[in-house]
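Since the structure comes first, as structure tokens, the remarks are kept for the end.
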Amino acid sequence: MKTQWIDELSQRVPLSRQPQDLQTYGRDWTRVYVPRPSAVVFPRHADEVCEVLSFCSEHGIAVVPSGGRTGLSAGAVAAEGELVLSLERLRHLGEVDPFGLTLTVGSGITNHETHVHAEHLGLTWPVDLASKGSCQVGGNLATNAGGIRVLRYGHARHWVTGLQVALMNGTLLNLGNAVQKDNVGPDLRQLMIGSEGILGVITQATLRLTLLPTDRQVLFLAVDGMETGLELLRHARIQGRFQLQAFEFMGRNCLEAVMKVGGVPSPFGGGELPPAAVLIEVEGRLDGDLDRWLEDVLNQKLVRDGLVAKSSGDMSRLWAYRDNITESLGRLGLMHKNDISVEVGRLAEFVHVLEKEVAPAFPGELYLFGHLGDGNLHVNVMKPSATDPEEFWDGCHVADMQLYELLHKVGGSVSAEHGIGLLKKSALRFSRGTAEVAAMRAVKKALDPQGLLNPGKVFDLG
């Protein structure tokens, strides 16, 4: 029976059962779950997506939507024999509307491709991620991606005017278009954004564009730690006469990892690395304001040392220290990751308690980095070489509960960027109340009564 439906579906849309494809498309960047999809389909347009979903609804087949698979919460994992629905062939790339400053794209277009497509007009889609070369617009929206410039532009949901979404029964919804003002009833478009593919499959999006920043400048500054980094952020926001684009934080061991894996020198020259560093990007005609601000923070001893980029090449080189942290840590060993957020003003207090009370419970060294300007911290734990992987994961799970309890006390979120997926289902209760989860389940049941779309992700229908 299993082979029969696969054979029938393969007559309708491109389909693969090759072992390499099953492994590749059945997982995301998490490595906790073993991918076991039944097959992978590659629809070429929205009508074929609807045809696949209608077929699967009729036959009771579970479906996992798949984009660039760069998520870290196992939101795109197919571990229970599901059918993987790859959106990578939905690659429509429209012309930029010079009046409304919008761009309509298929969900398989990568984040970076939107940037390249608009930059010749001096425009950009300001959702900018370290994984921009492989993550896709559909996935960016399904997870309400943040990235390195949330401080300046906000999340992905703020930069969408319209969506095309396929429901599990095969219905295709057109939710808005390029119209800027559309205040007609509940906004189902925003309901779909951030829903992690459990309500519908995004097949196309109309994106809002904005002016590409000009007169950019990048600073890389040595600081004493999180508390000093936050004081520097406060100082920049209140006394700096410039627009912050990004304000990134990284601990000393994160810098060491990038230097070791990449074979690059210290950004601060010889001598001992500082306890931490911040990367700041600003925009606008500065007219000496940045120099005066930098002199001020040096005099106040908020900064130990620092570099100011002199060219676009310098900017890229300094950003590489931040962008390459995740990849470098992954190449050094097995990592356990947490993507969390805290009210910006409480980050120093939170990190103090984290390092004093929670860090000892983790079975490995902590590596802290993240988007300091919006309170998003990446808490990574490296498995010691002598520790058994299963013992490591078990220990991390126990320590995670302490981390989430701490987050709950300070009103933080257990997932800042990557969603809940499979990996954080047990943690949902720390950030969402019982009544709120019940409302989520009601919406899921209304749109996917059989529970076939991305089943088991975020919460169980139970």
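Some notes on this structure:
- Looking across segment 181-197, not a single residue is exposed (fewer than 14 other Cβ atoms within 10 Å of the Cβ) and within 22 Å of the chain's Cα centre (by Cα).
- Among the residues of segment 439-462, those that are assigned to a loop (DSSP other than H, G, I, E, B) and loosely packed, with under 11 Cβ neighbours inside 10 Å comprise ASP460, GLY462.
- Within segment 244-261, at least one residue is in contact with a strand residue (DSSP E or B) (Cβ under 8 Å, 6 or more places away or on another chain) and over 21 Å from VAL379 (Cα atoms).
- Residue match in segment 20-41 (condition: assigned to a helix (DSSP H, G or I), farther than 30 Å from TRP393 by Cβ and not acidic (Asp, Glu)): no
- Residue count, segment 189-224 (criterion: more than 23 Å from GLY138 (Cβ to Cβ) and assigned to a strand (DSSP E or B)): 8
- Checking GLU227, GLU231, GLU248 one by one, the residue that is in a strand (DSSP E or B) and either in the same structural domain as GLY284 (by TED's automatic domain parsing) or surrounded by fewer than 19 Cβ atoms within 10 Å (Cβ to Cβ) (or both) is GLU248 and no other.
- Residue check, GLY60 without any contact (Cβ under 8 Å) to a residue 60 or more places away in the chain, out of contact with any Gly (no Cβ under 7 Å at 6 or more places or on another chain), over 25 Å from THR24 (Cβ atoms) and surrounded by fewer than 24 Cβ atoms within 10 Å (Cβ to Cβ): no
- Scan of segment 301-323 for residues that are surrounded by fewer than 15 Cβ atoms within 10 Å (Cβ to Cβ) and without any contact (Cβ under 8 Å) to a residue 60 or more places away in the chain, ordered by number: LYS301, LYS310, SER311, SER312, GLY313, SER316
- Verdict on VAL34 being buried (at least 19 other Cβ atoms within 10 Å of the Cβ) and hydrophobic (A, V, I, L, M, F, W, C): no
- Taken over segment 229-255, the residue count meeting the criterion of being free of Cβ contacts under 8 Å to residues at least 40 places away in the same chain and in contact with a helix residue (DSSP H, G or I) (Cβ under 9 Å, 6 or more places away or on another chain) is 2.
- Some residue of segment 159-166 being buried (at least 24 other Cβ atoms within 10 Å of the Cβ), at pLDDT 95 or above, among the polar types (S, T, N, Q) and in contact with an Asp or Glu (Cβ under 9 Å, 6 or more places away or on another chain): no
- Residue check, ALA78 small (Gly, Ala, Ser) and within 24 Å of the chain's Cα centre (by Cα): yes
- Here TYR25 fulfils each of the conditions (1) more than 18 Å from the chain's Cα centre (by Cα); (2) more than 20 Å from GLY421 (Cα to Cα); (3) crowded, with 19+ Cβ neighbours inside 10 Å apart from (2).
- Here ASP182 meets the list (1) over 15 Å from ARG152 (Cα atoms); (2) touching a residue at least 24 places away in the same chain (Cβ under 8 Å) almost entirely, failing just condition (2).
- Sole residue being in contact with a His (Cβ under 8 Å, 6 or more places away or on another chain) and among the small types (Gly, Ala, Ser), chosen from GLY133, GLY81, GLY60, GLY108: GLY133
- Residue pairs meeting the criteria (Cβ under 9 Å; at least 6 apart or on separate chains; first within 22 Å of ARG346 (Cα to Cα), in segment 212-228; second among the aromatic types (Phe, Trp, Tyr) and crowded, with 17+ Cβ neighbours inside 10 Å): ALA222/PHE268; VAL223/PHE249; MET226/PHE249; MET226/PHE350
- Residues in segment 378-392 include none that are of a type in the set (Gly, Ala, Ser) and surrounded by 13 or more Cβ atoms within 10 Å (Cβ to Cβ).
- Filtered residue count, segment 151-170, keeping only those that are outside any helix (DSSP H, G or I) and within 20 Å of GLY139 (Cα to Cα): 12
- Check on ALA130, surrounded by fewer than 19 Cβ atoms within 10 Å (Cβ to Cβ), in contact with an Asp or Glu (Cβ under 7 Å, 6 or more places away or on another chain) and assigned by TED's automatic domain parsing to the domain that holds GLY197: yes
- Verdict on SER107 being in contact with a Gly (Cβ under 7 Å, 6 or more places away or on another chain), modelled with pLDDT under 95 and either buried (at least 24 other Cβ atoms within 10 Å of the Cβ) or closer than 22 Å to ALA145 by Cβ (or both): no
The values are calculated or read from the model by the stated rules, or taken from the named source; none is laboratory data. Small disclaimer: the values here were computed from a predicted structure and weren't measured. Using ideal geometry, Cβ is built from the backbone for each residue, glycine included, and neighbour counts are taken over all protein chains shown.
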